[in-house]
1. Within 13 Å of the chain's Cα centre (by Cα), exposed (fewer than 13 other Cβ atoms within 10 Å of the Cβ), at pLDDT 90 or above and in a loop (DSSP other than H, G, I, E, B): does that describe residue 63?
2. Suppose we keep only residues that are touching a residue at least 24 places away in the same chain (Cβ under 8 Å) and surrounded by 15 or more Cβ atoms within 10 Å (Cβ to Cβ) within region 72-83. Which one would you say is farthest from residue 59 (Cα to Cα)?
3. Please go through region 92-105 and pick out each residue that is at pLDDT 95 or above and farther than 22 Å from residue 38 by Cβ.
4. Go through region 83-112 residue by residue and tally those that are assigned to a loop (DSSP other than H, G, I, E, B), under 21 Å from residue 54 (Cα atoms) and more than 9 Å from the chain's Cα centre (by Cα).
5. Go through region 35-58 and give me each residue that's surrounded by 10 or more Cβ atoms within 10 Å (Cβ to Cβ) and more than 16 Å from the chain's Cα centre (by Cα).
6. Among residues belonging to region 94-108 that are touching a strand residue (DSSP E or B) at 6+ places or on another chain (Cβ under 6 Å) and within 18 Å of residue 46 (Cβ to Cβ), point out the one that is surrounded by the most Cβ atoms within 10 Å (Cβ to Cβ).
7. Surrounded by 10 or more Cβ atoms within 10 Å (Cβ to Cβ), within 14 Å of the chain's Cα centre (by Cα) and modelled with pLDDT under 60: is that true of residue 21 in this structure?
C-alpha cells in the first residue's frame, strides 16, 4: 500500500511539471491548448526587450480569458516565437506579453 501511495505521489508531481508548459483555457464555447517550450518563452521576452515594444494602455486590466477591446491593435506573432503560437496575435500590456485568439480577441495565455 505504501509503495502504491509513493508511486502515485511521484506521478502527480511529474504531471505538475508538465502542466507548467501547457495551458488550457476555455472561452467562447471552445477550448484552446497553447504549449510554449521554455526556450521560446525566453525568445519572446527577449524580442519585447530588443524591439522596445511599447505597452498598450487600457482602462480595464487585461488577463487570460478576457476580451481585448476593439480599439487595441493586435500584433502578428513573429515566427521565431515558435510554431505553436504563430496562429495567435499578441499584445504587450503592463510588462506582460499576452497571446490573443484573433478570431475572438480573447486572451488565451500570458507568457511569463
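The values are calculated or read from the model by the stated rules, or taken from the named source; none is laboratory data. Note that this is a predicted model, so its numbers are computed, not measured. With ideal geometry, Cβ positions are generated from the backbone for all residues, glycine too; neighbour counts draw on all protein chains shown.
1. yes
2. 82
3. Answer for region 92-105, where residues must be at pLDDT 95 or above and farther than 22 Å from residue 38 by Cβ: 101, 102, 103, 104, 105.
4. Looking only at that region, the number is 6.
5. Hits for region 35-58 are 51, 53, 55, 56, 58.
6. 99
7. It is true that residue 21 is surrounded by 10 or more Cβ atoms within 10 Å (Cβ to Cβ), within 14 Å of the chain's Cα centre (by Cα) and modelled with pLDDT under 60.
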